[in-house]
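To keep things clear, I will list the structure first and then write my remarks on it.
The values are calculated or read from the model by the stated rules, or taken from the named source; none is laboratory data. Predicted model, so just to flag it, every value in this text is computed and none were measured. Here the Cβ positions follow ideal geometry from the backbone for every residue, glycine too, while neighbour counts run over all protein chains shown.
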Amino acid sequence: MTAERSQNQSNGSSAAAGESSNASKARIGTASIVVVGTSASIEATDVETESSEADAQSEDRHLVLVSLDDYRPGLTVRLVDRLPATTVVRLLRTPDGETVPVLTQPDEYAGYVARSTLEGGAVGTTTHLFAREQLETGAEYELIGDAQVFSTRLNLFRVTARRVDEE
């Protein structure tokens, strides 16, 4: 009986160790999922935004905000018109009127209606671009492939726009 107990205990303890090992593996897997899920919702910080803006401006390029749904690397758009300041402020807030941590002063941005064209002159996409600096309406800008998520709550990328129709 003693031999059976010690064998059962050793089997039981090894089963318990196996269960513990499996539980640890499950916890590690869960932690990985949490980390990945969390990283997807991280928004840009003010320090990152300021340093990126300085880099973009030094190369005669402009940092703009564009919808996650409308952005395509290499897309060329013509700025059709500037949006009224009150409209820009409303668009750069959540539907309940709140600001997001990365964009506490939406009135610092200018908004533009931007339109891409397809071959033959048909309208491809109409979207909004937002920039802290003044962009020229009527000008064409190419959206570079350096997009970073700016705000998941506002559904915006931060991307460099390079003017392509300069004389």
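Side notes on the structure shown:
- Qualifying residue in region 80-93 (condition: in contact with an Asp or Glu (Cβ under 8 Å, 6 or more places away or on another chain) and of a type in the set (Lys, Arg)): no
- Of the strands (runs of 3 or more DSSP E) that lie entirely inside region 50-167, those containing 3 or more residues that are in contact with a His (Cβ under 9 Å, 6 or more places away or on another chain) and surrounded by 18 or more Cβ atoms within 10 Å (Cβ to Cβ) span 110-117.
- Residues of region 128-167 satisfying the condition of being of a type in the set (Gly, Ala, Ser) and farther than 15 Å from residue 88 by Cβ: 138, 139, 145, 147, 161
- Answer from 117, 152, 86 - the residue that is of a type outside the set (A, V, I, L, M) and at pLDDT below 95: 117
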